[in-house]
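To start, the structure itself, in structure tokens.
The values are calculated or read from the model by the stated rules, or taken from the named source; none is laboratory data. Model, not experiment: these values are computed from the prediction. A quick note on method: Cβ atoms are made from the backbone with ideal geometry, for glycine too, and the neighbour counts reach across all protein chains shown.
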Amino acid sequence: MMQLDDQAYARIAKYFQLLAEPMRLKILNGLRDGEKNVGELVALSGGTQANVSKHLTMLSAANLINREARGTKAYYSIVDQQIYDLCGLVCGQLAMQMSTAAAANETFISAMQSQANT
């Protein structure tokens, strides 16, 4: 088992807090297939320019995304593609939980229907 100090746990918690915001997840997903500017990310996410810009600043400060100014626009890209591996693990776990819950619901519904028919 890996031993971590309190500072390490705090950094890990801060990282997960950063990912615990739907708009930031939308932005990261929007950057999955390559760099985008703020306007493109606003269109993809459905957020306002001010809100998307705020989240881009937070993601950039945490070194999850790069910002590159070109003329009057800034373009954003992912720093480390492994963020999508983490997202894939979480989505896979959620899908498994939902599948298990759906199977349990189907079993319950079948049992209730059988009782109602007797």
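Could you grab me the full set of residues in region 43-68 that are touching a strand residue (DSSP E or B) at 6+ places or on another chain (Cβ under 9 Å), assigned to a helix (DSSP H, G or I) and crowded, with 18+ Cβ neighbours inside 10 Å?
Across region 43-68, the qualifying residues are L56, L59.
Is there a residue being among the small types (G, A, S), modelled with pLDDT of 95 or more and touching an Asp or Glu at 6+ places or on another chain (Cβ under 9 Å) anywhere in region 33-46?
Start the filter on region 33-46 by keeping residues that are among the small types (G, A, S), which leaves 34, 39, 43, 45-46.
Adding the requirement that they be modelled with pLDDT of 95 or more leaves 34, 39, 43, 45-46.
If we keep only those that are touching an Asp or Glu at 6+ places or on another chain (Cβ under 9 Å) too, we end up with none.
Looking through region 33-46, none of the residues is among the small types (G, A, S), modelled with pLDDT of 95 or more and touching an Asp or Glu at 6+ places or on another chain (Cβ under 9 Å).
Could you figure out which of (1) surrounded by 13 or more Cβ atoms within 10 Å (Cβ to Cβ); (2) farther than 27 Å from R11 by Cβ isn't true of A104?
(1)
Specify the residue that is farthest from V90 (Cα to Cα); the eligible residues are those in region 1-42 that are loosely packed, with under 13 Cβ neighbours inside 10 Å and in contact with a strand residue (DSSP E or B) (Cβ under 9 Å, 6 or more places away or on another chain).
Of everything passing the filter in region 1-42, G39 is farthest from V90 (Cα to Cα).
Within the set of pairs 6 or more residues apart or between chains, which connect a residue that is without any contact (Cβ under 8 Å) to a residue 12 or more places away in the chain inside region 17-46 to a residue that is surrounded by 14 or more Cβ atoms within 10 Å (Cβ to Cβ) and of a type outside the set (A, V, I, L, M) with Cβ atoms less than 7 Å apart?
Cβ pairs passing all conditions: none.
Could you grab me the full set of residues in region 29-86 that are within 27 Å of R11 (Cβ to Cβ) and β-branched (V, I, T)?
Across region 29-86, the qualifying residues are V52, T57, I65, I78, V79, I83.
Which of the residues spanning region 47-81 are modelled with pLDDT of 95 or more and among the β-branched types (V, I, T)?
Within region 47-81, T48, V52, T57, I65, I78, V79 meet the criteria.
In region 18-41, what residues are within 16 Å of the chain's Cα centre (by Cα) and part of a helix (DSSP H, G or I)?
Correct list: L18, L19, P22, M23, R24, L25, K26, I27, L28, N29, G30, L41.
All but one of (1) out of contact with any helix residue (DSSP H, G or I) (no Cβ under 8 Å at 6 or more places or on another chain); (2) more than 19 Å from I83 (Cα to Cα) hold for G39; which doesn't?
Checking G39 against (1) out of contact with any helix residue (DSSP H, G or I) (no Cβ under 8 Å at 6 or more places or on another chain); (2) more than 19 Å from I83 (Cα to Cα), the one that fails is (1).
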